[in-house]
Amino acid sequence: MRLVVLGPPGAGKGTQAVKLAEHFTCADVATGDIFRANVAEGTELGRAAQEFMDRGDLVPDDVVIAMVMERLAERDCDSGFVLDGFPRTVNQAEALDRRLAELGTPLEAALSFDVTEEELLRRLAGRAAAQRRADDAEQTIRHRLEVFAIKTRPLIDYYRHRRLLTMVDGVGLVEEVTDRILHGLPSSNGGRDPALVLAV
Ligand code: AMP
């Protein structure tokens, strides 16, 4: 399976990406996690990314695209991948399309999580307290939601036009949401179940 997962911060992308990668026995590639690990290790990539992350801004496209292209060339991605947090801009989506076209392994699906802003703010406040993520402080959260709306939301139409989009109702127990996704994905049931998937 080659899948991208889109959604605002707090939508549950990371949790579901892990479950989906397990289900499809493929690589789970989470760009935010890769950046956080690099910041913790003090690498050059970490230093390049940190100021953007702390402000709740996107790391520049050239940095992110180079990192993801390198990661996708690793062996574990041969069996497919769930990309969590990439692409976040149209530029990134086009770079991904170009690379996958070169490899002859196009994307199979794009999931977009639907969660109300009220629920997102509630979840992110809980995560800030539990994980001490600097970028989960309240004004940074609001900024990240704005960045999502401006830079990333256009990808919903981008993938809708390519007939790859599945919208997922992201509210509910983790297992319920995973079930919804697996029923909604085109390759899992040979078609989408309109009762479980909000819009395609
Ligand atoms: P996440 O854990 O996915 O919310 O990512 C945390 C932070 O890492 C984001 O707020 C960005 O600063 C940075 N980041 C992760 N993925 C990307 C991406 N695809 N493009 C730009 N910045 C990213």
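Quick notes on this structure:
- From helices alone, the chain scores -16500 deg cm²/dmol at 222 nm; the rule is -39500 (n - 2.57) for each run of n ≥ 4 DSSP H residues, then divide by the residue total.
- ALA125/ARG160 FRET efficiency (R0 25 Å; Cβ-Cβ; nearest 0.05): 0.20
- Projecting label points 7 angstrom from Cα along Cα→Cβ for LEU103 and ARG75 puts them 1.6 nm apart.
- Global form of segment 74-174, assessed from the alpha-carbon gyration tensor, a/c cut-off 1.5: prolate
- For the chain, the dipole from Cβ point charges (+1 on Lys and Arg, -1 on Asp and Glu) about the Cα centre works out to 240 debye, to the nearest 20.
- VAL171-GLU41 pseudo-label distance in nm [points 7 Å out on the Cα-to-Cβ vector]: 4.0
- Sites matching GluC sites (Glu not before Pro) across segment 64-145 that sit in DSSP coil, with at most 14 neighbouring C-beta atoms within 10 Å: GLU74
- Percent of C-alpha pairs per 10 Å bin in segment 22-104, short distances first: 17, 50, 29, 5.
- Cα-only Debye scattering, the chain: base-10 log of I(q)/I(0) at q = 0.13, 0.16, 0.18 Å⁻¹: -0.68, -1.08, -1.39
- Considering only LEU120, LEU155, LEU103, the Gaussian network model of the chain with Cα springs below 10 Å gives its largest mean-square fluctuation to LEU103.
Here, each number is a calculation from the coordinates, and none is a lab measurement. All values derive from a computational prediction rather than experimental measurement. Virtual Cβ from ideal backbone geometry, glycine too; neighbours counted across all protein chains shown.
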